[in-house]
Amino acid sequence: MVFKVASELEPESLGAYVISQANTSSDVLAVMLLQKQFGMTSENGKLMRVVPLFETLNDLMNSPEQLAALFSVNSYIGSINGKQEVMVGYSDSAKDAGRLAACWAQYTAQEAMAKVADKYGVELTFFHGKGGTVGRGGNPALYRAILSHPPNTINGRFRVTEQGEMIRQNFGSLEIAERSLDIYTAALLRESFVKRVEPKQEWRDEMQRVSDASCAAYRETVNEDPRFVPYFRQATPELELGSLNIGSRPAKRNPKGGVESLRAIPWTFAWAQTRMHLSAWLGVGAGLSSGVSYHFFGAFFCVDSNTIHSFITSGPFVYLSRARRTREFYAKCMKNGHGSAKSFL
């Protein structure tokens, strides 16, 4: 029904068809096949760009392999006119693995996908699915955030989501909109004309080790600690937020699922309401205290070539901004004790 309706619209009415939680190349091929069945072609201007969205840690790690499998299909290559768009999920990957591990996975995945695209002669454009908050991939330092993307992945073009309150913040008036566009333009020009420093292999190895330690600590708390879910449900307004009619989508992908099926927006919103901002910092301390070597600080000071500087400089401000009295109030409102309140304060 969706493709039937889409096929009846005027040419170029729709842009990209984004596949949420894309896992394999067949996800993209299936959408292309459905468009073909309903007569949506490039000739009549109704063919939509098909954009896989890789938004979990495993999906990001497997994305280069899936992109290579997709580009090896001759019929697909012939239909995209040498251009491909890929969306990188920031919110859900951070919810899945913690912000530090997600940050590094996004970086390495983009690098690897760009190399795959070059191999097959495809012009690759990354669509960055970021939210406004730090826990959802946002960064108030817009100029530095753009420069923190991996070298050779922008090449004068990229897309980014501007949604919710960020539309008003960045484009709410003519003067602010002009300023925001000036920052975007300046960052893209610098990225295009200034040679970027490639991270050394020892820096990469250290970042991977720190990332693994951070991910393990994050998942130990969120996925394995039996006290966590009861605490989250009772010490945050997560259930109440789910009943509010303020979102474009349901709070959960699976109405009967647990925290794992909760979308990243209500996940982050719930922690923001308690002023705990847990989604922005949980696991970061474990990674950074796992015995970082001087190679990590070498990567940190290479501010124009990776995401570390952008990540480190935004995280502490979120951590320090947690209002202790507010989150303690939410903790005291718990209906019964699970021995978990002090663990997460």
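For the stretch 5-17, give me each residue that is surrounded by fewer than 11 Cβ atoms within 10 Å (Cβ to Cβ) and assigned to a helix (DSSP H, G or I).
Val5
From the list Asp182, Asp205, pick out the single residue that is open to solvent by 80 Å² or more (accessible area, probe 1.4 Å) and modelled with pLDDT of 90 or more.
Among Asp182, Asp205, only Asp182 is open to solvent by 80 Å² or more (accessible area, probe 1.4 Å) and modelled with pLDDT of 90 or more.
Within the stretch 87-104, which residues are out of contact with any Cys (no Cβ under 9 Å at 6 or more places or on another chain) and either among the aliphatic types (A, V, I, L, M) or at pLDDT 95 or above (or both)?
Selection gives Met87, Val88.
Can you name the number of the only condition in (1) open to solvent by less than 30 Å² (accessible area, probe 1.4 Å); (2) modelled with pLDDT under 80; (3) not basic (Lys, Arg); (4) not in a loop (DSSP other than H, G, I, E, B) that Thr268 fails?
(2)
Is it the case that some residue within the stretch 152-169 is in a loop (DSSP other than H, G, I, E, B), among the aromatic types (Phe, Trp, Tyr) and under 25 Å from Glu85 (Cβ atoms)?
The answer is yes, given that some residue of the stretch 152-169 is in a loop (DSSP other than H, G, I, E, B), among the aromatic types (Phe, Trp, Tyr) and under 25 Å from Glu85 (Cβ atoms).
Please verify whether Lys115 is touching a strand residue (DSSP E or B) at 6+ places or on another chain (Cβ under 8 Å) and either open to solvent by 10 Å² or more (accessible area, probe 1.4 Å) or small (Gly, Ala, Ser) (or both), treating the condition exactly as stated.
no
Exactly one condition in (1) within 17 Å of Thr153 (Cβ to Cβ); (2) touching an Asp or Glu at 6+ places or on another chain (Cβ under 9 Å) is not met by Leu67; state its number.
Leu67 satisfies every listed condition except (2).
Testing Glu65 on (1) under 23 Å from Val160 (Cβ atoms); (2) at pLDDT 95 or above, one condition comes back false. Which one is that?
Of everything listed in (1) under 23 Å from Val160 (Cβ atoms); (2) at pLDDT 95 or above, Glu65 misses just condition (1).
The values are calculated or read from the model by the stated rules, or taken from the named source; none is laboratory data. A quick note: this is a predicted structure, and the numbers were derived from the prediction, not measured. Glycine also receives a Cβ, built like all others from the backbone with ideal geometry; neighbour counts cover every protein chain displayed. The protein model used for the area step is the full one, side chains on, heavy atoms only, and it has no ligands, DNA or RNA in it. Shrake-Rupley method; radii C 1.70, N 1.55, O 1.52, S 1.80 Å.
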